[in-house]
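Worksheet: one structure, shown below.
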Amino acid sequence: MATVDKIRSGLIDKIMTIENKDFLLVLDNLVSSNATDVEVLELTEEQKDMLKLSEEDIKNGRLISQEAMDKRNLEWLNGF
């Protein structure tokens, strides 16, 4: 695994080759923002209940593959 110093050095090397001003401005904004600026969202009781139900479905094997869900959705859409 790369050390923090190696990662930092590699990023600096890559940044030094970028000449696109807009890209650098966006990158600067990204780097300037820090994790403490992230807003924590509180879930409603209903959302928490839905997550609990989902966990129970997973635990009890009540699942459907993405492929099967896509097929089911297409059949439903074609019914209109």
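Values in this text are rule-based calculations from the coordinates and carry no lab data. In this text the structure is predicted, and so the values were computed from the model without any measurement. Glycine also receives a Cβ, built like all others from the backbone with ideal geometry; neighbour counts cover every protein chain displayed.
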| Cα long-axis angle, helix 21-32 against the chain (0 to 90 degrees, to the nearest 10) | 70 degrees
| task | Once you have the Cα-Cα distance between GLU75 and LYS6, take 0.36 nm times their residue separation minus that, and quote the gain in nm to one decimal. | result | 19.7 nm
| query | Looking at the P(r) of the chain, how many percent of alpha-carbon pairs lie beyond 15 Å? | reply | 79 percent
| said: Using alpha carbons only, how many angstrom separate the centre of the range 14-34 from the centre of the range 44-80? | reply: 40 Å
| field | Inter-probe distance in nm under a simple model that places probes 7 Å from Cα toward Cβ, at ILE64 and ASN29 | value | 3.9 nm
